[in-house]
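Before any comments, here is the structure.
Where a number appears in this text, it was derived from the coordinates with a stated rule and is not lab data. Just so it is clear, the structure is predicted and the values come from calculations on it, not from any experiment.
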Amino acid sequence: MKSQNTLLFSTDIHLPAEQIFEYYQARFQIEFIFRDAKQFRGLADCQSCNSQRLDVHFNASQSALNLAKYSAYSHHSSPDLFVFSIASYKRRQFNRHLLLTFINKLDLDPNLILNYPNLPSVLYYGTMSD
């Protein structure tokens, strides 16, 4: 495995390096959550100026992430190797919906299609993670 060097900076010269590293990790996770919230969960779509309505909107956006993560985690074959991407989750759900629409509109046998061994390759088409 190749080692990498990273320079992390802090204005507090007495802060231990481990603590600076933990702060950067936490900051990255927070920025990732907000980026996903804006792109995939409608965080920036609320047009209200009322603080209570904004609170409800923000909480609904974050709850959507928690529900999606729980759903993906509970269906994952190896929870120890679980990696979550809201973009991939959204794509899988779209693929499932599209497949069910084809089954319904074309009057196909759902048991034959939904029990097909290569079904996951269809549902995971276009995703970044499995």
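Key figures for this structure:
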{"quantity": "Structure-derived Rg and Dmax of the Cα atoms in Å - corresponding label in (i) 20.5, 69; (ii) 23.9, 73; (iii) 15.2, 48", "calculated": "(i)"}
{"quantity": "Rg/Rg_ref, region 55-99, where Rg_ref = 2.2 N^0.38 Å and atoms are Cα", "calculated": "1.28"}
{"quantity": "Residues of type aspartates and glutamates that K38 reaches as a straight line, Cα spacing below 18 Å, ignoring anything fewer than 8 places off in the same chain", "calculated": "D55"}
{"quantity": "At q = 0.15, 0.27, 0.30 Å⁻¹, base-10 log of I(q)/I(0) for region 8-53 (Debye sum, equal scatterers on each alpha carbon)", "calculated": "-0.59, -0.94, -1.03"}
{"quantity": "Candidate lysines for bridging to K105, where Cα separation is under 28 Å - those fewer than 8 sequence places away on the same chain excluded", "calculated": "K90"}
{"quantity": "Segment N59-K105, length gained on full extension (0.36 nm per residue, minus Cα span)", "calculated": "12.9 nm"}
